[in-house]
Amino acid sequence: MKKKRLWFRSALLAILVIAIGYTIYNSIFEESGTYIKKGDAAPNFVLTDLNGNRVELEDYRGKGVFLNFWGTWCKPCEREMPYMQRQYETYKEQDVEILAVNVSETNVSVKNFVDRYRLTFQIPMDKQREVTKAYGIGPIPTTILIDKNGKVVGRTSESLSEEKIISFMEKIKP
Amino acid sequence: MQSITCECGHSNPYGTSLCQACGKPLDNDVEVLSSMRYEGSARRSQTYNKTFVDRTWNFFSSVRVGVWLIIIILVAAAIGTIFPQETFIPPNVDPATHYESEYGTLGLIYYLLGFHKLYGSWWFIILLGMLGLSIIIASLDRGIPLYKALKTQRVTRHDQFMKKQRLFSVSKEAELEEIKYTLESLRYKVREEKGNLFAEKGRFSRWGAYVNHVGLIIFLTGAMLRFFPGMYVDEILWVREGEKASIPGTKSEDGQYYLENKEFILEMYDKEEKKFNSALSSVDGEVAKNYQSNVTLYKTKPNHTIGEDPELVKVKDGEIRVNEPFKFDSFALYQTDFKLNEFNKMSFELEEKATGKKFGKLTVDLHEPEKKYDLGNGYRVEIEEYFPNFILNEQKQPSTVNNLPDNPAFVFSMYSPDTPKGEKAFVGIQKNIEAGENLFKMSFAGIETKDLTALTVRKDHTLWIIALGGFIFMIGVTQGLYWNYRRIWIKQNQDGVWAAAHTNKNWYGLKKDLDFLSEKTSLAALVDKESDTKEEYRSSRRV
């Protein structure tokens, strides 16, 4: 009788704690129904770069991908670009790629920006915001770290320091 | 922890104050009247305080804890209205900096504590969860013993129980059959045992509070399910006229939905029209009559890759008006907002300043300007810089606020046979600044605009659960408020016929029943020990 009661109470409390925990877990990632978070498979996408070349995420399977969403008008994005460029030069030998997806801007603006900072990594142009929407990007910059198996291993919306970028590169290095 | 066996032979759980069967006070100092609320049952097994689970259980079993949880939730919800919620701040700003820059330190604290998206913040969900827990446990701890006590109650009650009821009388003699008949005519359910009577009416009203709590739990479950994947979608979709955009939250195995905005319509009431004339004459400006989007729904092939030019298959056409959503699958699109006359294309002419002679016209697509515009005969214009939403930044440098062409500005280079090296000019709306003494200028030659519509994309599989919870809640409230549980005991004792009565509320109604009873039968009128009007008022409010 007493044992039965303890079991019943424990079970009921456990069910409720699990339900609340799961709700909180979801609420943290509730921004969008399709919010991409750590542990998810990164959805494939196809965009074109400034020169009209096709860029497909799946082609980078086997490499670590530093997927950054940015805009020329966004100051924190601008701040981290030189760091990204420098670390790209170091880590591209170690099979880490940077895909810096521009969110719905004109070729003219982006071209000027790329020339000014001498960026050499890939700049896929998300004109229709399709990728931005699919990845549930709110504020920019947002950086998503994808490992060699195409799995998301990190996501952040902060403006990155160079040290942070290095630690990210180390994390996704195959 | 042994059970207590009453002198009537019934075995009661530990902690019971009135015997479940006969109502005898099991503890000498127990006051019958004050114990009637939960039938004197052992509602809180405070004595089982051994394990962590039991202590947690007992904590949530307390009504006081439940009330405090409600107060904390209400206060938090009130604080959440001080500054706007995240949904209502401008879409392009980062909330991390917005709240501080807009509202100072308080704004920062507000943001850090998660008040900016209150319903989604972890501690608010924990509070609601704790309230749910409190409702479930408190109900189980009271409802089950109450049910048992009411189910096992016997016709014959202990003398002490009878005597200590608020309404009580002793009659010399009384005709049982008559009493039984009269009570049945008042729609009491009457049981008889060894010449004693027990009449009850409206027992189900005692379940009102518990039915009500079941409704609340269903309601909270529905609210919780909104956070579960696939249950709830609430997104905003902006589409420019003539364009197609993917509808957020609608990607599935068999493709992604797209929506084309064919036309956005804004109609105003005609003030001259007789019908509306008098109503509208007092209003300044125009009054909107209709906001409408004419749309076409498309779907991609199943293996659509995000970002790729979609192969679209038309699904259907539709018209969206306020309160008249466009529905497909389990989604509904609601007319939410609009933006009229967004700049789309701007035209300029290359003009020789001295003569006013023009050397060709160019049209710049503000969403995708060309780098070079060749006007022929050695005349061309290049765009050096483009600022869709021009602003001078802190360093007094030309810059752009965002990527929306609300205030477009350009740095043009103008080339002609006379100026092969090119002349530079900064051109914006009502601005034309030259780098030096230029021979040529860009003169404004017109603008094209487009309207945008904003639609709310909504899918809600939780609404019926929330509605069901609300409905059950209302049933419980009705059950408990409009009915009450009246009981009358008649017991044959040596000194005459004892009568006692109890109700959980509305003593007035019970007394009317009893007056009727003593009028029709030889039963002595029952005397109210608490005839004080104040007490009457208080107990009638006791739920």
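Going from the residue with the fewest nearby Cβ atoms within 10 Å to the one with the most, B:Ser518, B:Ser17, B:Ser330 rank B:Ser330, B:Ser518, B:Ser17. Computed over the protein assembly as shown, the per-residue total of -39500 (n - 2.57) for DSSP H runs of n ≥ 4 gives a 222 nm mean residue ellipticity of -10500 deg cm²/dmol, rounded to 500. Taking other C-beta atoms within 10 Å as the exposure proxy, A:Arg5, A:Arg118, B:Arg487, B:Arg458 rank A:Arg118, A:Arg5, B:Arg458, B:Arg487 from fewest upward.
Across peptide B:302-311, the average count of Cβ atoms from other chains found within 10 Å of a residue's Cβ is 6. Each other residue within a Cβ distance under 9 Å of A:Ser104 adds +1 if Lys or Arg and -1 if Asp or Glu, for a net charge of 0.
Centre-to-centre, using Cα atoms only, region A:93-131 and region B:503-529 are separated by 87 Å. Dipole magnitude for chain B: computed about the Cα centre from +1 point charges on Lys and Arg Cβ and -1 point charges on Asp and Glu Cβ, it is near 3220 debye.
Could you tell me whether region A:46-172 comes out rounded, prolate or oblate from its Cα gyration tensor? Rule is a ≥ b ≥ c as square roots of the eigenvalues, rounded for a/c under 1.5, then prolate if a/b exceeds b/c, otherwise oblate.
rounded
Rounded to the nearest 20 Debye, what is the dipole magnitude of region B:356-491 about its Cα centre when Lys and Arg each give +1 and Asp and Glu each give -1 at the C-beta? List each step's numbers first, then the result.
Numbers: 17 positive and 16 negative charges, 240 e Å.
Value, rounded to 20: 1160 debye.
Report, in whole Å, the centroid distance computed from the Cα atoms of region B:410-486 and region B:5-19. Computed from Cα coordinates, the inter-centre distance equals 71 Å.
Legend: calculated FRET efficiency, B:Arg55 to B:Glu324, from the Cβ-Cβ distance at R0 = 60 Å, rounded to 0.05, equals 0.65.
Ranked for footprinting exposure by Cβ neighbours inside 10 Å, fewest first, B:Thr250, B:Thr449, B:Thr221 give B:Thr449, B:Thr221, B:Thr250. Computed from the C-beta positions of B:Phe471 and B:Glu192 and an R0 of 45 Å, the FRET efficiency is 0.70 to the nearest 0.05.
Sparse packing (at most 16 other Cβ atoms within 10 Å of the Cβ) combined with a DSSP loop state is found for the following trypsin sites (Lys or Arg not before Pro) in region B:171-245: B:Lys172, B:Arg187, B:Lys194. Spin-label model, A:Thr120/B:Ile82: points 7 Å from Cα along the beta carbon direction are separated by 5.3 nm. Look at the alpha carbon pairs under 8 Å that are at least 6 residues apart: their mean separation over the length of region B:121-225 gives a relative contact order of 32 percent. Peptide A:106-118 is shielded by partner chain Cβ atoms: per residue, an average of 3 of them sit within 10 Å of its Cβ. In this structure the amide hydrogen of A:Ile98, modeled in the peptide plane, comes within under 5 Å of the amide hydrogens of A:Phe66, A:Gln122, none closer than 5 places in sequence on its chain. Counting, for every residue in B:116-129, the Cβ atoms of other protein chains within 10 Å of its Cβ and taking the mean gives 3. The lysines within cross-link reach of B:Lys353, meaning a Cα-to-Cα straight distance under 17 Å and a gap of 8 or more places when in the same chain, are B:Lys361, B:Lys424, B:Lys431, B:Lys441.
In this structure, the amide hydrogen of B:Glu308, modeled 1.01 Å from its nitrogen in the peptide plane, lies closer than 5 angstrom to those of A:Val46, counting only residues at least 5 positions away or on a different chain. Among the GluC sites (Glu not before Pro) found in region B:128-220, those both in a DSSP coil and sparsely packed, with 16 or fewer other Cβ atoms within 10 Å of their Cβ, are B:Glu173, B:Glu175.
Of the DSSP H helices in chain B, those with a Cα length along their own long axis of 15 Å or more and a mean Kyte-Doolittle hydropathy reaching 0.5 comprise B:63-79, B:122-152, B:208-225, B:463-482.
If you take all other residues with their beta carbon under 10 Å from the beta carbon of B:Lys459, and give Lys and Arg +1 and Asp and Glu -1, the sum is -3. Cross-link partners of B:Lys512 among lysines, defined as those whose alpha carbon lies under 21 angstrom from its own and excluding same-chain residues fewer than eight positions apart: B:Lys163, B:Lys164, B:Lys180, B:Lys189, B:Lys201, B:Lys491, B:Lys520, B:Lys529, B:Lys534.
The GluC sites (Glu not before Pro) found in region B:434-520 that occupy coil by DSSP, while having at most 14 further C-beta atoms within 10 Å, are B:Glu437. For chain B, the relative contact order is 18 percent, taking Cα pairs closer than 8 Å that sit 6 or more residues apart in sequence and dividing their mean separation by the residue count. Net charge near B:Thr449: determine it from the other residues with C-beta under 15 Å of the C-beta of B:Thr449, scoring Lys and Arg +1 and Asp and Glu -1. Net local charge, B:Thr449 excluded: -4.
All of the numbers you see were taken from the coordinates with simple rules; none came from a lab. The shown structure was predicted, so the numbers you read here are calculated from the model rather than taken from an experiment. Every residue, glycine among them, receives a Cβ derived from its backbone with ideal geometry; neighbour counts consider all protein chains shown.
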